[in-house]
Each structure stands twice: as C-alpha cells, then as structure tokens.
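Let me begin by presenting the structure, written as structure tokens, before commenting on it.
The values are calculated or read from the model by the stated rules, or taken from the named source; none is laboratory data. Please read all numbers here as calculations on a predicted model, not as lab measurements. Using ideal geometry, Cβ is built from the backbone for each residue, glycine included, and neighbour counts are taken over all protein chains shown. Protein only, heavy atoms only, side chains kept; ligands, DNA and RNA dropped before computing areas. Shrake-Rupley method; radii C 1.70, N 1.55, O 1.52, S 1.80 Å.
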Amino acid sequence: MQSRHILTDGDLPLEQLSTVQPISYEEYLRRRGYTALPKAIHTLGPSGVLEMIKRSGLRGRGGAGFPTGKKWEMVVQRKADRKYLCCNAAEDEPGTFKDRYLLRSNPHQLIEGAILAAFAIGAAEVYLYINGRYEEEIEFMEQALQTAKEKGHWGKQVEGTSLSIELKICKSPGTYVAGEETALLEVVEGRSAKPRQKPPYYPAIQGLYGMPTVVNNAETLSNVAHIIREGVDWFRTLGTATSPGTLVFTLTGDVNRPGLYELPLGTSLRELIEEYGGGVCGGKQLKAVFPGGPSNTIIAADQIDVALDFDALKAIGSGLGTGAVIVMSEDACMVQSAIQYARFFARESCGQCPPCKLGTAHLSEILEKIESGQGDEKDLQQIEQVCGMVKGRGYCYLLTGASIAVESIFRCFREEYVAHVQQRACPLVGTA
C-alpha cells in the first residue's frame, strides 16, 4: 500500500516546526531525487512534462485549486521573447504553515519541481518568493540552491546540456496581501506589494516584466518531481478523481494535537480533527471550523463529515483554500472570532482600494460595538449590508475574504449576535 506521505516524512506537532532540519542532498539522491530532471530533459521534452502534469490532475495548492497543467499550458501557448516562473511561498494567512514545513524539511524537492516547471513552460528564470520572516528557511534554501547548482542541476548548463535556467530568491515583505500573485510580481520588480487590477494583469497573459508568467504555490511545485519520476497512475492512487494527491493540512485552534498532517485529498474533516488532531480540547463540543482558512466560509459542527477536497467543500459553500483548518470549541465567542479576523484583514489591507481600507475598518467597528454590549438591531443589519456592498470591490481577494469570514460567521451564529445585543454583553462570559 502506498504511503500517504509524498512531500513529508510524517506528521508534525506544530510546536516542533521550528526544530525541523532539511534532509541532505545525499539523502535526497538516495530517495531518487534529481532523477526526474534528466528523464524530462532527455526523454520527455517540455511537451511530455506538460502532458504528464495535465494527466496527473494536479491542482494548485495555493488556494484556488486551479489545474496546474492548464495554467502552464496558457503560458506555453503564448508567443513571447521571455517567460517566467514564480514560486509563491509567501504564506501569511492565519493558521497556514505548510509551505514553511516544506521549505524546512526538503528544499530539494521544491528546487527540482521548479526546474521541471520552468523547463516545461520555456522559462529561463525562476523566482522563489519566500516570506521574508522565514529567515532560517531562506538560509536552508540558499544552501540547497548552492549545492544543486554545483552539481549541475541548474545554471548555465542544466544536467550537462545547453539548457540554461536561473533560480533566484526574492523575499516577500511578510504581509497577507503580498501573497497575492500580482502583488508578488510587483515585489519581484522592486515595488511595493500592491495587487494589480485584473484584467488585464493576469500573470499568464501579462505577468513579470509584462511577459507570460506562471505563479505556482510551493506545495504545488513540490509535487512535480514526484509525478514525473513515479508516473501519473501512481499519483492518482491517492486523493479523489477530481482532486488527486495529498495536501499538507495545518490544523490549529481548539484541538488536542495542533500540527501539520499530510493526508490524501478526500479525507473527511471529522477524521482530521478526531483521529489526527485528537479531538477538541478538554473534551469540549465542537462548535465551528474554518476548513480552508478564514478567507473561506465557516462551517458548523454538523457539517464535518465533508470530504476535504476542492469540489466537496465548494459544494457546501466553503472552500479548501490552503488547507488551514481552524477549529473552534463550544467556548468560542463567535463575535470575538469575527472581530479577530476583521481586524486582521483591516490591518493587512494595502490601502490602494478605498472600499477595502474603509470596509474592513467599518466591519471591525460594528463588531466591536456589539461585543462591548453597545450594539443594537441596526448594527446586526449593517453587518450583512456592509459585507454585501464591499464584496468583490477590491483589486485582490482580501476584501472579499474579509466579507466572507465575517458574513459566514454571522449567518451561521446569528443567535449569538442577537444575544449580545439583547443581553448587552457576551452571553458566554463566565460559562467556561
């Protein structure tokens, strides 16, 4: 039976993340690392690599779940003097640490995956865009890059051929909005992390330096070498028909074993929380879960038998996102939870879209008024009104994500908001 671990050596308690050391180049070779690269160059060719990724069904692990092969193909089909690949490891969403785990544990699989992707799309330059606060992870990546270059895996003569592919590290400023793909392009080009308006600035059409560009998440690229080496059929033995492979889930919140768990897509949310996470802390009842981070709709406890894959979560009105599963127990005040995320998004707004800066701040003010016991019926009505008005109004997803977080919590737990207004205080105070 195939192991459920493709990208990691095992599950990891969150508290141990900072202690993880990368496997050596020699160990990566023992695991048949850097064998996919010569196979791609000497046997498959760029079109063969692209075809394998398309048939594998690999979908983006950065949030949207877009088919990776289709994204690559969009760039391949465009005529341009230059093309680029950007690896997005800027993660700064609450409860998301999967890219950090991959960077720490096995940087070589990401490097090999990035070289393969660049080869497939015809890119001669790759930018590894890494959260600037991940200082030790960046050091690990720099060391791995140096070794890989010395061994001829990238540079002027890749694998002893005339192929030239350069890899460069670019530090993200470590803000939420800096992880948006067009804000990433701005940073790489030397400007502030402010998203571009779409259209026309879809990276595949007009990306880095105005050229066609693929932007892939670090976890997405980490899968590539495994697929090319082991084959499409092997990859499809894990996951579901429409969401093949595994995902590294970051499980946080009110669970006994917060951690990073690599599981086949399609695993149930209940199994992740109860079997792997050890259930809710203190034997408390489960109240709610963000199955894909706060940018996706919250779900109530009676929905946790849902499969953790892109399509199943979409079918119930939520989303898989980056696999950041945030658990809340019966003791959680849902008004306070909404305030927490509204404040986060307000703080992270880059400010270039007035509806975003004003809307997120206004949502925080309304929620804080309700939480303090000063709210009234008008404030309850305003929550949905403001969310409805601002959703989809910004250049990027931040404002929509803030609206979804606040609106979904309010709709799912409206009675708790009403209780705050009627009792002029939080009804959960003193009940723990």
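Quick rundown of the values:
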item: Fully extended contour minus Cα-Cα distance, from ARG414 to LYS369, at 0.36 nm per residue; result: 14.6 nm
item: FRET efficiency, 1/(1 + (r/R0)^6) with R0 45 Å, evaluated for ARG270 and GLU27 via beta carbons; result: 0.80
item: Pairs of Cα atoms farther than 24 Å apart, segment 219-339, %; result: 27 percent
item: Simple label model, 7 Å out from Cα along Cβ direction - ASP233 to ARG4, nm; result: 2.5 nm
item: Whole-Hz couplings from phi, Karplus 6.51/-1.76/1.60, listed for segment 208-221; x for Gly and Pro; result: 4, 6, x, 9, x, 9, 9, 10, 10, 5, 4, 5, 4, 5
item: Quotient of Cα Rg and 2.2 N^0.38 Å for segment 143-294, N being how many residues it contains; result: 1.35
item: Calculated on alpha-carbon atoms, Rg and Dmax of segment 263-332 in Å; result: 11.1, 33
item: Cα shape, segment 371-421, gyration tensor, a/c 1.5 rule; result: prolate
item: Pairs of lysines in segment 31-119 (C-alpha under 19 Å apart; 8 or more residues apart or interchain); result: 7
item: Extension reserve of the PHE66-ASP302 stretch, reckoned as 0.36 nm per residue once the Cα distance is removed; result: 82.1 nm
item: Cα centroid separation - segment 296-371 against segment 122-170, whole Å; result: 36 Å
item: Mean residue ellipticity (222 nm) of the chain, computed from DSSP H runs ≥ 4 via -39,500 (n - 2.57), nearest 500; result: -12000 deg cm²/dmol
item: No Cys partner within the rule (Cβ under 4.7 Å), the chain; result: CYS86, CYS87, CYS170, CYS281, CYS333, CYS350, CYS387, CYS396, CYS412, CYS426
item: Fraction of alpha-carbon pairs over 29 Å apart in the chain - percent; result: 46 percent
item: Modelled label reach - ASP376, point 7 Å along Cα→Cβ, segment 391-432 residues with backbone N closer than 19 Å; result: 417-426
item: Residue-normalised accessible area of the chain, expressed per residue, 1.4 Å probe, Å²; result: 39 Å²
item: Percentage of interatomic Cα-Cα distances in segment 48-168 larger than 23 Å; result: 34 percent
item: In degrees, nearest ten, helix 107-121 long axis to first principal axis of the chain (Cα); result: 70 degrees
item: Segment 224-243 versus segment 8-87: alpha-carbon centroid distance in Å; result: 12 Å
item: If the convex hull is drawn through the Cα atoms of segment 1-107, its volume per residue in Å³; result: 163 Å³
